[in-house]
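All remarks here apply to the structure that follows.
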Amino acid sequence: MAKCRINDTFRLEGAVLDKLSLKDGQIFIDIGSYVGTWSVWASKQVGSDGKVVAVEPDPINFKMLLINIKKLKNIIPVNVALWSENTTLNLFMSTYPTMHSLTKNYKRSYIKVKCLTLDSLIKSLNLSEVDALKIDVEGAELEVLKGAKETLKKLKWILVEIHNEKLRKKVSTLLKNESFILYRINHRHVIGLRK
């Protein structure tokens, strides 16, 4: 299995980075981590005293993630999907490995995946708080946030990638109700900063 070139993948979202920051010792959750692009970046930012949780449901992507993070001891890889409740759902497989989705049926194959709420995942990992998170889950963003009620109260910032305008409005309303100031960085990315 060939190693994914992290820098090539990350260039697509690199313009967002200057708006975000992490400090040594902080905790970052990478939801929809794919092969670890954001996780590797965050690992360097939070240092050896910090932690990164890389959440990726697809087993093939997860294997690539493990290869890319094997030397980074501050990353905790987790092979589950996040959702609004603890359950099992179909993960619909796209022809593009970055676009597998719990909500978009591509009329191809699917696999069953274990789903957890973000709140229950954080509790199971014994993390007292989370400083920031990134969500890139191909249409399941609102469901992930519904399962993160406790987590959202403590975040300093959140980055959400959304492709659908209707969904963007719902996500924005939820985050505003949780006291985030929102910034639309480009046609896909919304950043929420704590007031």
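Read-outs: derived from the displayed coordinates by stated rules, not from any lab. Being a predicted model, the structure only gives us computed values, none of them experimental. A quick note on method: Cβ atoms are made from the backbone with ideal geometry, for glycine too, and the neighbour counts reach across all protein chains shown.
Test of the criteria: in the stretch 49-111, which trypsin sites (Lys or Arg not before Pro) are in a DSSP loop and have at most 11 other Cβ atoms within 10 angstrom of their Cβ?
On the way: sites: K51, K63, K70, K71, K73, K104, K107, R108; in loops: K70, K71, K73, K104, K107, R108.
Counting only loop positions with at most 11 other Cβ atoms within 10 Å, the trypsin sites (Lys or Arg not before Pro) in the stretch 49-111 are K70, K71, K73, K107, R108.
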How big is the charge dipole of the stretch 53-120 about its Cα centre, in debye rounded to the nearest 20, if each Lys and Arg gets +1 on its Cβ and each Asp and Glu gets -1 on its Cβ? 300
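Within the stretch 113-177, which trypsin sites (Lys or Arg not before Pro) sit in a loop by DSSP and count at most 15 neighbouring Cβ atoms inside 10 Å?
Details: sites: K114, K123, K134, K146, K149, K153, K154, K156, K166, R168, K169, K170, K176; in loops: K153, K154, K156.
Filter output for the stretch 113-177: K153, K154.
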Rule-of-thumb check for the stretch 123-195: C-alpha Rg over 2.2 N^0.38 Å? 1.04
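When T95, T37, T173 are ordered from fewest to most other Cβ atoms inside 10 Å of their Cβ, what list results? Walk me through the numbers before you get to the answer.
Working: T95 7, T37 27, T173 12.
So the residues, fewest neighbours to most, are T95, T173, T37.
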Counting DSSP beta bridges with both ends in the chain, the antiparallel % (nearest 5): 45
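Scan the chain and report its longest stretch carrying no GluC sites (Glu not before Pro) that are both in a DSSP loop and have at most 15 other Cβ atoms within 10 Å. Spell out each step's value before the answer.
Working: sites that count: E85, E129.
Longest run free of exposed loop sites: 1-84.
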In nm, to one decimal, how far is the modelled label at K63 from the one at L125, with both set 7 Å along Cα→Cβ? 2.4
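Multiply the residue separation of K70 and Y96 by 0.36 nm, subtract the distance between their alpha-carbon atoms, and state the gained length in nm to one decimal. Spell out each step's value before the answer.
Numbers: separation 26, 0.36 × 26 = 9.36 nm, distance 2.41 nm.
Extending this stretch completely gives an extra 6.9 nm.
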Largest fluctuation, N68, N79, N177 only, Gaussian network model of the chain with Cα springs under 10 angstrom, belongs to N177
Dimensions in Å of the chain - Rg and Dmax from alpha carbons: 15.4, 44
Ranked by Cβ crowding within 10 angstrom, fewest neighbours first, how are D58, D119, D49 ordered? D49, D119, D58
D for the stretch 75-187, whole µm²/s, Stokes-Einstein with Kirkwood Rh over alpha-carbon pairs at 10 °C and 1.306 mPa s: what number? 107
Could you list I158, I185 in order of exposure, starting from the residue whose Cβ has the fewest other Cβ atoms within 10 Å? I185, I158
Could you tell me how far the Cα centroid of the stretch 47-89 sits from the Cα centroid of the stretch 170-189, in Å? 25
